[in-house]
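Here is the structure we will look at.
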Amino acid sequence: MTSQATRVLVLNSGSSSVKYQLLDMRDGTRLAVGLVERIGESASRLVHTPSGDGAGRRERTGRIADHERALEAVAEELALDGMGIDSPELAAIGHRVVHGGLEFSAPTVIDDAVLAEIERLVPVAPLHNPANITGIRTARALRPDLPQVAVFDTAFHTTMPEHAARYAIDVATADAHRIRRYGFHGTSHAYVSRRAAELLGRAPEELNLIVLHLGNGASASAVAGGRCVDTSMGLTPLEGLVMGTRSGDIDPAVVFHLERVAGMDTDEIDELLNKKSGLTGLCGDNDMREIRRRVDAGDAAATLAFDIYIHRLKKYIGAYYAVLGRVDAVVFTAGVGENAAPVREAAIAGLGELGLVVDAELNAVRSGEPRLVSPENARVAVAVVPTDEEMEIARQTFALVDA
Ligand code: AMP
């Protein structure tokens, strides 16, 4: 790598989409942000912005057949602004990889052996890892000489002790099929934990945090001294909190019941619990803005959905308080956590005995900056810290290749 190489391209490849950002790691500037969606369909779309602030947006429509064509189109867009992926300023490409199993607890430079390991994990992440692998293969073909780094959603959670990571099922069966709690959103939990420590002016090692990543997917984690000790997602991202379309925690016997009594097959139940449950299943909407609008208008289904969402959130705050023993801050992040003041207010309401209080005025402030929403003299801080998974992937990637 040349000393002028300070840029990292971050790729987040989904089954029919690629999200990307080009960042300059000297100062964290976002040089380009974009998205290719509906890959393989007739109405594919590429939206490219040659800056972090949305200015100069360009759009392409028309069929983009596969991930290879998608990345070629991204490379062309970057080249239009003189930032092509053949540029000597590009230090590495950082790939989001959803499942790293127990094998990967840190960002890893990808070679053939690493790629084979990620492929071996497909059975535990059939929805996500194949798309990530396609993205990696395509990017390696475009720039075989460039370091490509995998940053895993599960890595931050590999510090969980066995008593938190194991399900209470037959050990031989669990081990034969690698069934355990892996956790997800780890890149976000890692980033937000570190930024929360900065906000509090303390070293991460000194702090016990409860981090609530509330987006369309949602997860909670208990972080002690910068290390994850428990998290709410499990073998897959289905476990835990109520989400936009996922049920979160459910009695597993519901699955047998649906099979035996409702006559549903495995794929139908999978679809029900992952795509048609959560807020969508409860009230037909998964967007918290719309749900709050309906709650304010007196809609009963939306009110019940909101109450179930909050009840589950409170249970996890209480559980992780008990796991940690002492809590320095509860930190809200992601689309709902950063923007929905009523969710923060309701989740913390009634927890004064635990030292948790929200200041109504501070909670109402809208801002893209990390901030406290608890009163100055609060025993436990309540904070909002906007997440930035791309920045974290770029940071981890650059730290590895710049070493
Ligand atoms: P994410 O997955 O982090 O992008 O979060 C997406 C979700 O954030 C959406 O589905 C909405 O439920 C929620 N969201 C985004 N903006 C707002 C807002 N201004 N108020 C309430 N919820 C919001």
Odd one out for Arg178, checked against (1) part of a loop (DSSP other than H, G, I, E, B); (2) modelled with pLDDT of 95 or more; (3) surrounded by fewer than 16 Cβ atoms within 10 Å (Cβ to Cβ)
(2)
Members of segment 82-99 that are of a type outside the set (A, V, I, L, M, F, W, C) and surrounded by fewer than 24 Cβ atoms within 10 Å (Cβ to Cβ):
Gly82, Gly84, Asp86, Ser87, Pro88, Glu89, Arg96
Within segment 238-265, residues out of contact with any Lys or Arg (no Cβ under 7 Å at 6 or more places or on another chain), without any contact (Cβ under 8 Å) to a residue 60 or more places away in the chain and under 30 Å from Leu212 (Cβ atoms) come out as Glu239, Met243, Gly244, Arg246, Ser247, Ile250, Asp251, Pro252, Ala253, Val254, Val255, Leu258
Suppose we keep only residues that are farther than 27 Å from Val401 by Cβ and among the aliphatic types (A, V, I, L, M) within segment 25-45. Which one would you say is nearest to the chain's Cα centre (by Cα)?
Ile39
Test set (1) surrounded by fewer than 21 Cβ atoms within 10 Å (Cβ to Cβ); (2) under 26 Å from His177 (Cβ atoms); (3) of a type in the set (Gly, Ala, Ser) - Gly201 fails condition number
(2)
Gly240: of a type in the set (Gly, Ala, Ser), in contact with a Phe, Trp or Tyr (Cβ under 8 Å, 6 or more places away or on another chain), assigned to a loop (DSSP other than H, G, I, E, B) and at pLDDT 95 or above, yes or no?
yes
Spot the failing condition for Leu282; the list is (1) over 21 Å from Thr154 (Cβ atoms); (2) surrounded by 14 or more Cβ atoms within 10 Å (Cβ to Cβ); (3) away from the ligand (no atom under 16 Å from the Cβ), and only one is missed.
(3)
Can Ala349 be described as within 16 Å of the ligand (Cβ to nearest atom) and surrounded by fewer than 21 Cβ atoms within 10 Å (Cβ to Cβ)?
no
Would you check if there is a residue in segment 293-300 being within 12 Å of the ligand (Cβ to nearest atom), without any contact (Cβ under 8 Å) to a residue 24 or more places away in the chain, out of contact with any helix residue (DSSP H, G or I) (no Cβ under 6 Å at 6 or more places or on another chain) and over 21 Å from Gly234 (Cα atoms)?
yes
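Condition check ((1) on the phi > 0 side of the Ramachandran plot; (2) within 16 Å of the ligand (Cβ to nearest atom); (3) in contact with a Phe, Trp or Tyr (Cβ under 6 Å, 6 or more places away or on another chain)) across all residues:
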position: Ile179; (1), (2), (3): no, no, no
position: Tyr182; (1), (2), (3): no, no, no
position: Ser188; (1), (2), (3): no, yes, no
position: Glu198; (1), (2), (3): no, no, no
position: Pro204; (1), (2), (3): no, no, no
position: Leu207; (1), (2), (3): no, no, no
position: Leu212; (1), (2), (3): no, yes, yes
position: Gly217; (1), (2), (3): no, yes, no
position: Ala220; (1), (2), (3): no, yes, yes
Filter segment 302-335 for residues that are hydrophobic (A, V, I, L, M, F, W, C) and more than 16 Å from the ligand (Cβ to nearest atom) and give the result.
Leu304, Ile317, Ala319, Ala322, Val323, Leu324, Val327, Ala329, Val330
Of (1) more than 16 Å from the ligand (Cβ to nearest atom); (2) closer than 16 Å to Ser219 by Cα; (3) more than 21 Å from the chain's Cα centre (by Cα), Asp249 satisfies all except one. Which?
(3)
Can you confirm whether Thr187 is within 29 Å of Ala91 (Cα to Cα) and touching a strand residue (DSSP E or B) at 6+ places or on another chain (Cβ under 9 Å)?
yes
Taking into account only those residues within segment 252-263 that are hydrophobic (A, V, I, L, M, F, W, C) and part of a loop (DSSP other than H, G, I, E, B), which is nearest to the ligand (Cβ to nearest atom)?
Ala262
Restricting attention to segment 264-299, the residues that are charged (D, E, K, R) and not in a loop (DSSP other than H, G, I, E, B) number exactly 11
When both residues are 6+ apart or on different chains and their Cβ atoms are under 8 Å apart, which pairs have a first residue that lies in segment 334-356 and is under 19 Å from Arg371 (Cα atoms) and in contact (Cβ under 8 Å) with a residue 60 or more places away in the chain, and a second that is of a type in the set (Ser, Thr, Tyr) and assigned to a helix (DSSP H, G or I)?
Ala334/Ser188; Val343/Tyr309
When the residues of segment 150-168 are filtered to those that are in contact with a Lys or Arg (Cβ under 8 Å, 6 or more places away or on another chain) and charged (D, E, K, R), which remaining residue is surrounded by the fewest Cβ atoms within 10 Å (Cβ to Cβ)?
Arg166
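The values are calculated or read from the model by the stated rules, or taken from the named source; none is laboratory data. Owing to the predicted nature of the structure, the values given are computational and were not obtained by experimental measurement. FYI the Cβ positions are ideal-geometry reconstructions off the backbone, even for glycines, and counts take in every protein chain you see.
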